[in-house]
1. Jot down the per residue volume, in cubic angstrom and as a whole number, of the convex hull over the alpha-carbon atoms of the stretch 28-178.
2. Ordered by residue, what ³J(HN,Hα) values in Hz, to whole numbers, does the stretch 40-50 give under the Karplus form 6.51 cos²θ - 1.76 cosθ + 1.60, where θ = phi - 60° and Gly and Pro are x?
3. How large, in percent, is the carbon and sulfur part of the accessible surface of the chain at a probe radius of 1.4 Å?
4. Just in the stretch 111-145: which chymotrypsin sites (Phe, Trp or Tyr not before Pro) are loop by DSSP and have at most 11 other Cβ atoms within 10 Å?
5. Can you quote the Å³ per residue value for the convex hull of the Cα atoms in the stretch 106-178, rounded to an integer?
6. Hey, what did the chain get for relative contact order, percent, Cα under 8 Å, at least 6 apart?
7. Which of the lysines could a cross-linker span from K150 if the Cα-Cα distance has to be under 27 Å and same-chain partners fewer than 8 positions apart are dropped?
8. With a cut-off of 13 Å, note down the residues of the stretch 5-45 whose backbone N falls inside the zone around a label point 7 Å from the Cα of K154 toward its beta carbon.
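The values are calculated or read from the model by the stated rules, or taken from the named source; none is laboratory data. Note that the structure is predicted; figures quoted are calculated from it, not measured. Every residue, glycine as well, gets a Cβ built from its backbone with ideal geometry; the counts of neighbours run over all protein chains shown. When the accessible area is computed, the model is the full protein with side chains, heavy atoms only, and any ligands, DNA or RNA have been set aside. Shrake-Rupley method; radii C 1.70, N 1.55, O 1.52, S 1.80 Å.
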Amino acid sequence: NDEIEFQIGSYIIGSEGKTLSVRCTENITPKPPGHIRARIDYEDQKPIISWEFPVNPQRDVKRFQIFKRNNIFSPFTLVREYDFDNSEIRSSVNEIALSENVERMAYPDTIYTDFDFDLKKDVAIYAIASVDAHGLSSTYSPQILIRYDKFSNKLITDIISPPGAPKPYPNLYIDEDF
């Protein structure tokens with residue numbers, strides 16, 4: 001018999017294996033918002049602060065914190081927190097704001113009107129921070145100083161610090177000539 005017969009076989013052999021539990025955590029803090037600006041709402045005679053969403057590859061920014069102070073020698077005060085967290089399971093945040101300062105919203109907002117600002121006499125410094133779905137908070141955005149010039153009927157704005165100052169040290173990057 002001159003016929004040759006070949007056969008190819010594949011076998012997979014496995015055991016039951018082990019079941020492991022793995023805790024996945026994300027610890028990348030979000031970037032601070034960028035391009036902070038100010039203008040006047042001429043109807044209410046109040047400043048409007050606006051900013052842009054930070055670059056965030058995780059796409060998990062869920063809150064903005066708006067901070068204000070009167071000068072570089074005063075600490076920042078949280079004047080408003082925009083909470084637009086639509087997560088099915090909301091994480092706790094590390095920094096808990098007073099309930100009267102938190103504004104729940106269905107969609108994010110990047111504009112804040114300061115109704116406590118008196119155009120005729122006040123000077124203020126504003127900064128914004130981002131908070132992600134895990135409760136991690138960014139550093140400060142650029143810090144913007146605003147004051148009203150009654151002769152030109154405009155807000156005078158100065159960026160007094162670049163972004164990135166940590167919350168405990170808001171004056172870290174302020175130019176000493178300022």
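1. Values: hull volume 17.7 nm³, N = 151.
Per residue, the Cα convex hull of the stretch 28-178 comes to 117 Å³.
2. Going residue by residue, I get 9, 8, 5, 5, 8, 6, 9, x, 10, 9, 10 Hz, with x marking Gly and Pro.
3. Details: 6260 of 12430 Å².
Its accessible area is 50 percent carbon and sulfur atoms.
4. Working: sites: Y112, F115, F117, Y126, Y140; in loops: F115, F117, Y140.
Here the sparse-neighbourhood loop sites are F115.
5. Considering the Cα atoms of the stretch 106-178, their hull volume per residue is 127 Å³.
6. That works out to 23 percent.
7. Reachable lysines: K46, K68, K120, K121.
8. Answer for this model: 38-40.
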